[in-house]
Amino acid sequence: MQNKFLPYMQGCFESLAKQDPHLFKLIEEEHQRQNNSLILVASSGVAYPSVIAASTSDITNLTLEGYIGNRFHAGCEVIDQIEHLAIERAKLVFKARYANVQPLSAAIANNGLLFSLLNANDTILGMHLDAGGHLTHGAKASISGKYFNAISYGVNSEGLIDYDEVRALAKTHQPKLIICGASAYPRLIDYKIFREIADEVGSYLLADISHIAGLIAAELIPSPIDDAHFVVTSTSKQLYGPRGGLILMGKDADTIVNGKTLANLVQNSIFPGIQGAPNLASVTAKTVMFGEILSNNTFLPMMKRVQANAQYLANALTEKGYRVVAGGTDTHMVLVDVFSSKAMTGFVAEKALEQCRVIVNKNRIPEDQHSVFVTSGIRFGTNTIAYQGMEKEGVIACVDIVDKILSATQYLDKKKFELNPKIAQEVKEEIIHIKQNLCNQNMKISRKHESFAESLV
């Protein structure tokens, strides 16, 4: 079977190259862009080669709705086994009692839960976007902020969650759902305190761990699995899987509410609640991802590298005079106030760095006076460079490059700047040197897979 399947998959790629050479060339260019860039985006990771392979199989031809044992289509005997394997592996990875692997994204998982747990105009309590929260946690621009009465908590003067404020807001507003988790908060979250507050006001607790799921799976930081009623995560980012979402539950899975378990409520929140047919190629790729985490003895060392590299990054930036939000990091993420540190906006910093193939993203920071399109900060993350095997020496070299670019950037306006092309060229050459000499293991793995792919042609 394998001897027939591999040529078939090879033929699929050859067909793409032949039928749409322009698109194929663009895909190749994106591959090269990633290889030639220093990617420090906190919300991105690198999909395992096995995940990419699973994402491109002819499982994408399948259509079905429903869950194992209760499908609305025939022909599910193989995909049933795959989805069951994904569920069992997910539960093992996170020590959960329940897992739903069908969500198309973490955002869809969040919204599905919101609309299943709440009625229109019910109150939710989530972290303010400026403090590091996510759009789906009650931001005004999101449906979570339009259909529900969204109350926000923030951070104190040190950039840390103010749990006294959270408790006071919960007692005042009596939310039906409290959301903990963030997209731009670099410190640990005390899930036990959040659960205490939720219990005090009779609220459900949802933990969104999309950005830190890998560190939790590796048991390097606390898990909310038995503190929150519901746990949601993305499967890309720090799990190095496909685009997709995942819902997990711990001890509350069997809790009975209105004659049904909370686990059953979660099932219905996704299908038929907010989705129809799942992306089965993504479910298959998630299965591979969980298998990589469980069987690959490089995952824990890689997560340790993710965490250590972020601390090296924060310390090195601080030593160069940059104001690091919250005074540092406990995760993979570092937020920097470039407006007070370098008298430039996050927009300008992002674009100047991108011009030199250093990829970060502009980000609002606590008490930011600039819009979301301009910002006062930028956000760094170490998921990608940790996957590539980079360690302390490489991280220090990265910080030197970042500082070299920003110090050479002439700030003209909120969205305007000038940068000497000579500096950009120098930095691009330095990045090539770093990636060739200060990255190891997985870069070699990537090249090995490329060589294998070439041998098939």
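The values are calculated or read from the model by the stated rules, or taken from the named source; none is laboratory data. In this text, all values refer to a predicted model and were calculated from it rather than measured experimentally. Here Cβ is always computed from backbone atoms with ideal geometry, including for glycine, and neighbour counts include all displayed protein chains.
Name every residue in segment 172-182 that is crowded, with 23+ Cβ neighbours inside 10 Å and on the phi < 0 side of the Ramachandran plot, in order of residue number. If you could, list the steps in order and put the result at the bottom.
Going residue by residue through segment 172-182, those that are crowded, with 23+ Cβ neighbours inside 10 Å are 175, 177-182.
Residues satisfying the conditions are PRO175, LEU177, ILE178, ILE179, CYS180, ALA182.
Part of a helix (DSSP H, G or I) and surrounded by fewer than 21 Cβ atoms within 10 Å (Cβ to Cβ): which single residue out of ALA281, ALA326, ALA310, ALA314 fits that description? Outline the logic, then answer.
On the way: ALA326 fails: surrounded by fewer than 21 Cβ atoms within 10 Å (Cβ to Cβ); ALA310 fails: surrounded by fewer than 21 Cβ atoms within 10 Å (Cβ to Cβ); ALA314 fails: surrounded by fewer than 21 Cβ atoms within 10 Å (Cβ to Cβ).
After ruling out the rest, the residue left standing is ALA281.
Out of LEU206, LEU169, report the one residue that is more than 24 Å from ARG379 (Cα to Cα) and buried (at least 23 other Cβ atoms within 10 Å of the Cβ).
Working: LEU169 fails: buried (at least 23 other Cβ atoms within 10 Å of the Cβ).
Checking each option against the conditions leaves just LEU206.
Yes/no per residue for (1) farther than 28 Å from ALA120 by Cβ; (2) at pLDDT below 95; (3) in contact with a Ser or Thr (Cβ under 7 Å, 6 or more places away or on another chain):
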| residue | (1), (2), (3) |
| --- | --- |
| ALA150 | no, yes, yes |
| LYS171 | no, no, no |
| ILE179 | no, no, no |
| ALA198 | no, no, no |
| LEU205 | no, no, no |
| ILE212 | yes, no, yes |
| ILE216 | yes, no, yes |
| GLU219 | yes, no, no |
| SER223 | yes, no, no |
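Which of (1) under 20 Å from ALA281 (Cβ atoms); (2) in a loop (DSSP other than H, G, I, E, B); (3) out of contact with any Pro (no Cβ under 9 Å at 6 or more places or on another chain) is the odd one out, the single condition CYS12 does not satisfy?
(2)
Could we say that ALA397 is hydrophobic (A, V, I, L, M, F, W, C), touching a residue at least 60 places away in the same chain (Cβ under 8 Å) and part of a helix (DSSP H, G or I) here?
Criteria not met by ALA397.
Just one of the numbered conditions (1) assigned to a helix (DSSP H, G or I); (2) touching a residue at least 60 places away in the same chain (Cβ under 8 Å) is not true of ILE197; which one?
The single condition ILE197 does not satisfy is (2).
Tally the residues that are of a type in the set (Gly, Ala, Ser) and within 17 Å of the chain's Cα centre (by Cα), restricting the search to segment 273-329.
Summing the residues that are of a type in the set (Gly, Ala, Ser) and within 17 Å of the chain's Cα centre (by Cα) in segment 273-329 gives 3.
Is one or more of the residues making up segment 248-269 touching a residue at least 12 places away in the same chain (Cβ under 8 Å) and in contact with a His (Cβ under 6 Å, 6 or more places away or on another chain)? Walk me through how you get there before you give the answer.
Initial filter on segment 248-269 (touching a residue at least 12 places away in the same chain (Cβ under 8 Å)): 248-255, 262-263, 265-269.
Adding the requirement that they be in contact with a His (Cβ under 6 Å, 6 or more places away or on another chain) leaves 252.
Yes, segment 248-269 contains a residue that is touching a residue at least 12 places away in the same chain (Cβ under 8 Å) and in contact with a His (Cβ under 6 Å, 6 or more places away or on another chain).
What's the number of the condition VAL232 fails, among (1) surrounded by 24 or more Cβ atoms within 10 Å (Cβ to Cβ); (2) closer than 22 Å to ASP80 by Cα?
Going through (1) surrounded by 24 or more Cβ atoms within 10 Å (Cβ to Cβ); (2) closer than 22 Å to ASP80 by Cα one by one, VAL232 breaks only (2).
Would you pick out the residues in segment 113-128 that are in contact with a strand residue (DSSP E or B) (Cβ under 8 Å, 6 or more places away or on another chain), farther than 19 Å from SER183 by Cα and touching a residue at least 60 places away in the same chain (Cβ under 8 Å)?
If the condition is that a residue be in contact with a strand residue (DSSP E or B) (Cβ under 8 Å, 6 or more places away or on another chain), farther than 19 Å from SER183 by Cα and touching a residue at least 60 places away in the same chain (Cβ under 8 Å), then LEU117 is the only one that fits.
Just to be sure I understand, how many residues within segment 371-394 are outside any helix (DSSP H, G or I) and among the charged types (D, E, K, R)?
Of segment 371-394, the ones outside any helix (DSSP H, G or I) are 371-382, 388-391.
Then drop every residue that is not among the charged types (D, E, K, R), which leaves 379, 391.
Result for segment 371-394: 2.
Between residues in segment 36-64 that are within 25 Å of GLU354 (Cβ to Cβ) and in contact (Cβ under 8 Å) with a residue 24 or more places away in the chain and residues that are among the charged types (D, E, K, R) and part of a strand (DSSP E or B), which pairs lie under 9 Å by C-beta distance while being six or more apart or on different chains?
That search, which allows pairs on different chains as well, returns LEU40/ARG379; VAL41/ARG379; ALA42/ARG379; SER43/ARG379.
Residue-by-condition table, conditions (1) touching a residue at least 60 places away in the same chain (Cβ under 8 Å); (2) under 15 Å from ALA308 (Cα atoms); (3) not small (Gly, Ala, Ser):
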position	(1), (2), (3)
ALA386	yes, yes, no
GLU391	yes, yes, yes
ASP403	yes, no, yes
THR409	yes, no, yes
PRO421	no, no, yes
GLU429	no, no, yes
HIS433	no, no, yes
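Among the residues in segment 77-88, are any outside the structural domain of LEU335 (by the TED database), under 30 Å from ASN363 (Cα atoms), crowded, with 18+ Cβ neighbours inside 10 Å and not acidic (Asp, Glu)? Break it down stepwise before answering.
Residues of segment 77-88 that are outside the structural domain of LEU335 (by the TED database), as a first pass: 77-88.
Checking the rest, the ones that are also under 30 Å from ASN363 (Cα atoms) come to none.
Within segment 77-88, not a single residue is outside the structural domain of LEU335 (by the TED database), under 30 Å from ASN363 (Cα atoms), crowded, with 18+ Cβ neighbours inside 10 Å and not acidic (Asp, Glu).
Yes/no matrix, rows are residues, columns are (1) farther than 25 Å from LEU40 by Cβ; (2) of a type outside the set (A, V, I, L, M, F, W, C); (3) in contact with a Pro (Cβ under 9 Å, 6 or more places away or on another chain); (4) part of a loop (DSSP other than H, G, I, E, B):
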{"residue": "SER210", "(1), (2), (3), (4)": "no, yes, no, yes"}
{"residue": "PRO224", "(1), (2), (3), (4)": "yes, yes, no, yes"}
{"residue": "ASP227", "(1), (2), (3), (4)": "yes, yes, no, yes"}
{"residue": "VAL231", "(1), (2), (3), (4)": "yes, no, yes, no"}
{"residue": "ALA263", "(1), (2), (3), (4)": "yes, no, no, no"}
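Given the residues LEU26, LEU6, which is the only one that is modelled with pLDDT under 95, loosely packed, with under 14 Cβ neighbours inside 10 Å, assigned to a helix (DSSP H, G or I) and not β-branched (Val, Ile, Thr)? Steps first, answer last, please.
Working: LEU26 fails: modelled with pLDDT under 95.
Answer to the selection: LEU6.
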